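Asker: Right, I'll just put the structure down here and ask away after.
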Amino acid sequence: MKNVYSVGQVNSYIKNMFAQDYMLRSVYVKGELSNVKYHSSGHIYFTMKDKTGTLACVMFAGYRSKGLKFTLKEGMQIIALGSIEVYERDGKYQLYAKEIVPDGEGALYERFERLKKELDEMGMFAAEYKKPIPLYARTIGVVTAPTGAAIQDIINISTRRNPHIRIILYPVKVQGEGAAESVAGGIRALEAAGVDVMIVGRGGGSIEDLWAFNEEVTARAIFDCSVPIISAVGHETDTTIADFVADLRAPTPSAAAELAVFEYSTVTDMMEGLKLDLLDSLRSCVRAKRDQYTVRSLRLKNLSPGHKLNEQKMRLANDQEKIRQVMRMLLDNKRHLLDIKAERLEALSPLKRLSSGYAFMEGPDGRPVTSIKEVRTGDDVTLYLTDGRARANITEISEAGKSTY
């Protein structure tokens, strides 16, 4: 026996053949659901069937968030996108689904993908065209149906966050014939009204219900609008062309209101804090300027002519006082010397001698007699005493230590 292969080798060979088939890597399969099982791991196991046969299928949990937007039920007609691969252990092939839509939505889904690709290539989804959402919008425009939960949620949340917000509603059709043109017209009307930011959206629904937001006319109205636009179409799992073109996508209308309207109390608290900071800064500045003024005033006062004159006057007064002190000192010294000399002079004064019993004698010619040789016996002389004078006659003359003659 030649060319004998194991079961595993055969299964592996078949698996490789499937993997090399380009068509089986991405294929749309249409059929009726049966044997639907939601596993605890998050995977979904089911069978697709038609009149000619059945096909085992699985959708792993990782694809459910983006690829499945409804609950699978027995008997439902669906279109599944995925790859056909061999499960090598059991030797069975099955469809590994990545996206599942109801059968009636298959054509719409293809249109969605086609328009999405076209607009993306045109650059309408590019980040550089996204306009920033204003932080402190005063007027918001809302393009949605006038009735329903969406507008009520937007009004409730907006007024709760900011009681002073102004909301302008442009009521439009959000589904059915003419809905896309109605939404586009609402966008242009609110742009002309001069709103600060715009919310465009509606509540959740099927792909048919949301189709107005997948039309090119709606996408171009959003792209051409000069006012920042927040898209809020359906629920968090719903994605439309409008979401890609808009400046910001919100998962729900309520979330759009949160993004569009600032929290008034937060801003007032911030403003109060800034006010206190500004007052503190102003007080510090005033104190610094006052201190600076005081220093400069003193400096200016010191440099003023009046202050200089007062300084000179003080200096002159001090110098005058010093001169007076020096003069008093000199005068006292001179007076003291004069007293000493006066005492000495008084000691040498003839009057002082006269007061001691001495007399001053004048000869007949009126000249002072200082020697016995200046007089003769019989001369009349005048004697001066302390209290007067007396006339006398020389009767006798004798030299000191000698006899009289």
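Asker: Given 20 °C and 1.002 mPa s, compute D for region 210-286 with the Stokes-Einstein relation, Rh being the Kirkwood radius over Cα pairs; round to the nearest whole µm²/s. Walk me through the numbers before you get to the answer.
Answerer: Working: Rh = 15.1 Å.
Stokes-Einstein gives a translational diffusion coefficient of 142 µm²/s.
Asker: If you consider only alpha-carbon coordinates, what radius of gyration and Dmax does region 122-262 have, in Å?
Answerer: 13.3, 41
Asker: What's the Cα-based Rg to Rh of the chain, Rh via Kirkwood? If you can, show how the numbers build up before the last one.
Answerer: Working: Rg = 65.1 Å, Rh = 33.2 Å.
Rg/Rh: 1.96.
Asker: I need the per residue convex hull volume for region 230-388, using only the alpha carbons, in cubic angstrom as a whole number. The partial results should precede the final answer.
Answerer: Numbers: hull volume 46.1 nm³, N = 159.
Given the Cα convex hull of region 230-388, per-residue volume reads 290 Å³.
Asker: I've got another one for you. Could you state, as a whole-number percent, how many of the C-alpha pairs of region 7-105 are farther apart than 21 Å? Please report the intermediate quantities before stating the final value.
Answerer: Working: 1594 of 4851 pairs.
Of the Cα pairs, 33 percent sit more than 21 Å apart.
Asker: Run the paramagnetic zone check for Lys92: 7 angstrom along Cα to Cβ, then residues of region 29-57 with backbone nitrogen under 14 Å.
Answerer: The answer is 34-37, 45-49, 54-57, whose backbone nitrogens lie closer than 14 Å to the label point.
Asker: Could you give the nm distance between label points at Met361 and Ile340, where each point is 7 Å from its Cα heading toward the beta carbon?
Answerer: About 3.8 nm, to one decimal.
Asker: When the dipole is taken about the Cα centre of the chain, and only Lys, Arg (+1) and Asp, Glu (-1) are charged at their Cβ, what size is it in debye, to the nearest 20? Let's see the in-between values first.
Answerer: On the way: 55 positive and 52 negative charges, 426 e Å.
Around 2040 debye, computed over the chain.
Asker: How much length would be gained if the chain were fully extended between Gln320 and Thr370, taking 0.36 nm per residue of separation minus their Cα-Cα distance, in nm to one decimal? Mind showing how you got there, number by number?
Answerer: Numbers: separation 50, 0.36 × 50 = 18.00 nm, distance 5.43 nm.
Between Gln320 and Thr370, full extension yields an extra 12.6 nm.
Asker: Report P(r) for region 84-132: all Cα-Cα distances, bin width 10 Å, range 0 to the bin holding the largest distance, values in whole percent.
Answerer: Histogram of Cα-Cα distances, whole percents per bin: 20, 25, 25, 20, 8, 2.
Asker: Per residue of the chain, what 222 nm ellipticity follows from adding -39500 (n - 2.57) for every DSSP H run with n ≥ 4, rounded to the nearest 500?
Answerer: Values: 11 runs with 176 residues, N = 405.
Helix-only estimate at 222 nm: -14500 deg cm²/dmol.
Asker: Another one. Taking the beta-carbon count within 10 Å as an exposure proxy, list Ser12, Ser40 from fewest neighbours to most.
Answerer: Numbers: Ser12 14, Ser40 5.
Final ranking by Cβ density, sparse to dense: Ser40, Ser12.
Asker: Can you tell me the length gained on complete extension of the stretch Leu309 to Leu55, counting 0.36 nm per residue apart and subtracting the Cα distance? Display every interim value, and only then the final one.
Answerer: Working: separation 254, 0.36 × 254 = 91.44 nm, distance 11.61 nm.
Taking Leu309 through Leu55 to full extension adds about 79.8 nm, to one decimal.
Asker: Ratio of Rg to Rh for region 352-393, alpha carbon only, Kirkwood?
Answerer: Taking Rh as the inverse mean 1/r over Cα pairs, Rg/Rh reads 0.97.
Asker: Can you grab the distance from the C-alpha centre of region 298-340 to the C-alpha centre of region 159-199, Å, no decimals?
Answerer: 94
Values in this text are rule-based calculations from the coordinates and carry no lab data. Values in this document were obtained by computation on a predicted structure and should not be read as measured data. Positions of Cβ are backbone-derived with ideal geometry, glycine not excepted, and every protein chain shown enters the neighbour counts.
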